[in-house]
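Accompanying notes for the structure given below.
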């Protein structure tokens, strides 16, 4: 599922709290990033249309239908497909060249790879 940055801002609120009314989301995003009510409601509507949020009554209660991990996995797969031809190896190689890695991080990654095997 592809979510735009604005949609991710709404989802962050729901991932933090589990569920909130649209009005409460408006209040949080108004305080955090200065969005007005109309902007927030428009983005919530787009998330509902994409199946990322369920809306329930009473009170226009919004619940996340996708987890942060599901969205992160989808976004990562899209990035790897788009920029690295679907090759995780090329992705990691590029990451390591550009970011570097500490010895401790390398050990943790090695353990994670062994666990996945």
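Of the residues 2, 50, the single one that is modelled with pLDDT under 95 and under 14 Å from the mean Cα position of the chain (by Cα) is 2. Being closer than 20 Å to residue 16 by Cβ and either under 17 Å from the mean Cα position of the chain (by Cα) or not assigned by TED's automatic domain parsing to the domain that holds residue 10 (or both) is a property that residue 74 has. Where helices (runs of 4 or more DSSP H) fall entirely within segment 6-117, those with at least 2 residues that are touching a residue at least 24 places away in the same chain (Cβ under 8 Å) and surrounded by 11 or more Cβ atoms within 10 Å (Cβ to Cβ) are at 22-33, 37-50, 68-84.
The values are calculated or read from the model by the stated rules, or taken from the named source; none is laboratory data. As the structure is a prediction and not an experimental result, all values here were calculated from the model. Neighbour counts run over all protein chains shown; Cβ positions are idealised from the backbone, glycine included.
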